[in-house]
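**Student:** Here it is: the structure, laid out below.
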Amino acid sequence: MNASVARKKIQKKFKIRGYTLKVDALEEILSFANRFQGAEDEAIDLLLDHLQYESQKVGVKSSIIDKEPIRRVISSLLEADDAVEPTSSDTVSSHATIRVIDAFLVPKFHFDPIKKQFYQHTGGLSIHGGSSAKSALYKGRYLLLFQRISHDQHFSKPAFDTEMSHYGNCEIAPIQSLVGQTGRRWVMGVISQFEDGHFYLEDLTASVEINLSKAKITTGFLSENTIVVAEGEMLLDGIFQVFTCGFPPLEDRDKSLKLLGQHDFFGGGTLTKEETLRLAELEKKAVNAMFVILSDIWLDSEEAMGKLETVLDGFEIQEVVPSLFVFLGNFCSHPCNLSFHSFSSLRLQFGNLGKMIAAHPRLKEHSRFLFIPGPDDAGPSTVLPRCALPKYLTEELQKYIPNAIFSSNPCRVKFYTQEIVFFRYDLLYRMRRSCLMPPSTEETSDPFEHLVATITHQSHLCPLPLIVQPIIWNYDHCLHLYPSPHTIVLGDKSEQKAFKYTGITCFNPGSFSNDNTFVAYRPCTQEVEFSAL
């Protein structure tokens with residue numbers, strides 16, 4: 001590759017991730033990439049992934065990179081992957097295809113309802129947001145779905161006076177405009193409870209008390225704080241009588257991407273059309289790629305560890321080993337709260353897990369290991385998103401598996417062109433407890449299918465009231481599901497389930513320590529294989 005072309009490509013890739021390179025750093029990267037003739041792109045991507053992880057681990061906030069951090073990362077890569085050998089280009093390629101995006105690194109976007117376009121948030125985001133951040137959380141969710149429904153032909157304003165339903169067109173009316181109106185109207189808003197037993201529908205203009213006693217509802221869990229589209233009419237007492245109530249319709253992923261242009265909502269950087277086509281071709285060839293996903297790995301349980309070793313033994317002798325092992329919490333059978341006093345032994349148990357993995361040389365060399373904390377794991381708080389497991393606990397494991405990745409909950413993974421979201425939370429139980437009325441059984445009676453419909457239509461991983469599950473106000477965007485990802489993995493202690501909904505593959509791997517279940521997933525074909533011991 002021509003040196004000037006290579007420099008421009010490196011600068012572009014780093015700029016996409018938010019980095020600015022000094023000249024000496026650029027030369028270091030160019031020298032590293034030249035080691036891998038024909039695989040320069042993969043080598044640069046791998047370097048970027050590790051630089052991003054190292055920066056997060058040591059808390060580096062500067063976006064201007066000099067040669068020292070680049071040298072450190074290159075040195076660790078050359079040691080870990082034996083990259084000085086020409087044959088290692090395949091290793092670099094296979095590792096670079098999997099990109100892990102920490103929730104706290106997901107870019108934030110705001111929607112301007114006047115200009116009808118998104119713009120990226122600039123500047124830092126405080127963990128402890130002011131009171132305005134809480135209202136901005138709901139406003140952001142509402143505007144995200146409002147711009148989505150404005151593209152739907154059934155709810156957009158008709159160009160001519162044509163009927164689009166039995167009661168006229170389905171154009172969404174502002175709640176403020178309901179005053180003094182007669183006849184049926186369609187409105188969209190957040191379900192709120194301002195006083196006990198009285199529910200309101202609220203948009204950016206006003207709020208109105210609603211009566212759901214006669215409402216026909218669609219698939220999904222209807223709870224407080226969910227955003228709904230409702231058809232009804234104003235009664236003389238000022239209450240909006242709802243006849244039909246459901247979630248805003250989904251938007252096809254390709255349509256969303258076309259409308260968003262070059263905005264990177266998922267994280268990990270935008271790709272040119274040529275790069276996307278190249279990755280798509282490589283993805284078609286990666287038919288043997290497989291992710292093994294296990295939830296509830298109790299390190300303090302001898303029985304669970306024995307069964308995990310059996311699983312590792314089984315994959316060690318396979319002709320093609322899995323590309324990625326995803327270990328979802330909880331990593332302890334007891335909640336790591338204020339009454340938990342065994343952190344030193346938990347640290348040693350993580351070390352024992354590292355020793356167990358290292359005893360399987362093929363897995364250690366060719367597979368990657370991703371650790372995502374559960375709701376009861378050690379951490380600064382129980383709010384979402386949760387940061388990665390504390391370094392104190394994981395240091396012993398990293399001595400054996402230096403390339404182990406410890407990420408946030410939720411966590412995002414890019415595999416070639418595939419976008420996969422991992423979320424470890426006992427969501428089904430919480431959603432059913434928070435439901436305002438029993439879900440419709442017209443289409444399905446399966447609770448997991450209702451759950452999938454809820455989070456996909458809400459474009460949010462956890463649309464629960466904040467009093468049930470607190471969320472960091474400034475980081476609510478980390479839980480957004482827009483544009484729709486290819487796959488959503490919902491680690492839940494309930495039974496194994498899989499459901500393909502409007503092209504989105506959703507599944508729960510089950511609880512490994514409780515019922516010995518896990519999932520083998522092939523991302524290229526989106527094939528979910530339930531497994532159990």
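**Student:** Using DSSP, restrict attention to beta bridges with both residues in the chain and report what percent are antiparallel, rounded to the nearest 5. Let's see the in-between values first.
**Tutor:** Details: 51 of 79 bridges.
Around 65 percent of the beta bridges assigned by DSSP in the chain are antiparallel ones.
**Student:** Show me 43-55, 142-154 ranked by packing, highest mean number of other Cβ atoms within 10 Å first. Could the numbers behind the result be given before it?
**Tutor:** Numbers: 43-55: 21.3, 142-154: 17.5.
Highest mean packing first, the order is 43-55, 142-154.
**Student:** OK, next. By average Cβ neighbour count within 10 Å, what is the ranking of 266-274, 239-247 from highest down? Don't jump to the answer; show the numbers that get you there.
**Tutor:** On the way: 266-274: 15.6, 239-247: 19.1.
The densest-packed peptide leads the list: 239-247, 266-274.
**Student:** Treating only the Cβ atoms of Lys and Arg (+1) and Asp and Glu (-1) as charged, compute the dipole magnitude of the chain about its Cα centre; round to the nearest 20 debye.
**Tutor:** Values: 53 positive and 64 negative charges, 275 e Å.
With only Lys, Arg, Asp and Glu charged at Cβ, the dipole is about 1320 debye.
**Student:** On to the next question. Leaving out ligands, DNA and RNA, and with a 1.4 Å probe, what % of the accessible surface on the range 3-83 is carbon or sulfur?
**Tutor:** On the way: 2040 of 4110 Å².
Carbon and sulfur: 50 percent of the exposed surface of the range 3-83.
**Student:** I'd like the accessible area for residue 435, computed on protein heavy atoms only with a 1.4 Å probe and all protein chains in place. Round to 10 Å², please.
**Tutor:** 30 Å²
**Student:** Rounded to the nearest whole Å², what accessible area per residue is found for the range 3-83 with the 1.4 Å probe? Could you put the intermediate results ahead of the total?
**Tutor:** Numbers: 4110 Å² over 81 residues.
Spelled out: the 1.4 Å probe surface of the range 3-83, per residue, equals 51 Å².
**Student:** How high is the FRET efficiency between residue 527 and residue 273 when r is their beta carbon distance and R₀ equals 25 Å, given to the nearest 0.05?
**Tutor:** Working: r = 28 Å, r/R0 = 1.10.
That gives a FRET efficiency of 0.35.
**Student:** By its C-alpha gyration tensor, with a ≥ b ≥ c as the square roots of the eigenvalues, how is the range 198-355 shaped: rounded for a/c under 1.5, else prolate for a/b larger than b/c, else oblate?
**Tutor:** On the way: a/c = 2.99, a/b = 1.55, b/c = 1.93.
Taking the square roots of the gyration eigenvalues as a ≥ b ≥ c, the range 198-355 is oblate.
**Student:** Would you mind getting the accessible area per residue of the range 165-282, heavy atoms of the protein chains only, 1.4 Å probe, in Å²? Mind showing how you got there, number by number?
**Tutor:** Values: 5840 Å² over 118 residues.
Accessible area per residue: 50 Å².
**Student:** Can you give me the pair-distance distribution of the range 389-481, C-alpha pairs, 5 Å bins, whole percents?
**Tutor:** Using 5 Å bins, I get a P(r) of 2, 10, 17, 19, 16, 13, 11, 7, 3, 2, 0 for the range 389-481.
**Student:** Take the cross-link list 116/273; 13/399; 391/500; 285/414 and give me the ones stretching past 27 Å between alpha-carbons.
**Tutor:** On the way: 116/273 25 Å; 13/399 31 Å; 391/500 37 Å; 285/414 16 Å.
In this structure, 13/399; 391/500 lie more than 27 Å apart at Cα.
**Student:** Also: Could you report the accessible area of residue 134 in Å², rounded to 10, computed with a 1.4 Å probe on the protein chains as they sit in the structure?
**Tutor:** 90 Å²
**Student:** Classify the range 3-83 as rounded, prolate or oblate, taking a ≥ b ≥ c as the square roots of the eigenvalues of its Cα gyration tensor: rounded when a/c is under 1.5, otherwise prolate if a/b is larger than b/c and oblate if not. Walk me through the numbers before you get to the answer.
**Tutor:** Values: a/c = 1.69, a/b = 1.14, b/c = 1.49.
Because a/c hits 1.5 or more and a/b fails to exceed b/c, the range 3-83 counts as oblate.
The values are calculated or read from the model by the stated rules, or taken from the named source; none is laboratory data. Treat the numbers as computed from the prediction; the structure is a model and nothing was measured. Virtual Cβ from ideal backbone geometry, glycine too; neighbours counted across all protein chains shown. Protein only, heavy atoms only, side chains kept; ligands, DNA and RNA dropped before computing areas. Shrake-Rupley method; radii C 1.70, N 1.55, O 1.52, S 1.80 Å.
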